[in-house]
Amino acid sequence: MLLIGDLFFFPADQWLQLINNQHASLPVFGGMASGGMGPGGNYLFFQDQMFSEGAAGLFLKGVTIRNVVSQGCRSASQW
């Protein structure tokens, strides 16, 4: 499962504990949307809708995934 959560509103720790308790063999990877300067500053998209809180995820089946760690982003004011 690929999951991207909003840094300010999504309770990632609790969600991951729940998934681990109910589906321990499910691999979960992704990250936190963190480019916004405060609550409501990150945007997640699902089909034609935009959300400023929560998480977006999808299940992948039959593919090989290789994880890497990335620096992420920084605000435009730091350029």
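Carbon-plus-sulfur fraction of the accessible area of the chain, 1.4 Å probe, in percent?
Values: 3590 of 6510 Å².
Exposed carbon and sulfur together represent 55 percent of the surface.
Using a 1.4 angstrom probe, figure out how much accessible area the chain has per residue, in square angstrom, rounded to the nearest whole.
82
In order along region 29-45, the phi-based Karplus estimate (6.51 cos²θ - 1.76 cosθ + 1.60, θ = phi - 60°) of 3J(HN,Hα) comes to 9, x, x, 10, 6, 9, x, x, 7, x, x, x, x, 9, 10, 10, 10 Hz; Gly and Pro are listed as x. In this calculation the C-beta distance from K61 to F9 is compared with R0 = 22 Å, giving a FRET efficiency of 0.20. Note the angle between two axes, namely the Cα long axis of helix 12-22 and the longest principal axis of the Cα atoms of the chain, as a number of degrees from 0 to 90, rounded to the nearest 10. Compared with the principal axis, the helix lies near 10 degrees. Rounded to the nearest whole angstrom, the semi-axes of the ellipsoid equivalent to the chain, taken from the Cα gyration tensor as √(5λ), stand at 24, 15, 13, largest first.
Summary of packing: across the peptides 57-67, 33-43, 17-27, the per-residue average of other C-beta atoms within 10 Å ranks them, highest first, as 33-43, 17-27, 57-67.
The values are calculated or read from the model by the stated rules, or taken from the named source; none is laboratory data. Note that the structure is predicted; figures quoted are calculated from it, not measured. Here the Cβ is made from the backbone with ideal geometry for all residues, glycine too, and neighbour counts use every protein chain on show. With ligands, DNA and RNA removed, areas are computed over all heavy atoms of the protein, side chains included. Shrake-Rupley method; radii C 1.70, N 1.55, O 1.52, S 1.80 Å.
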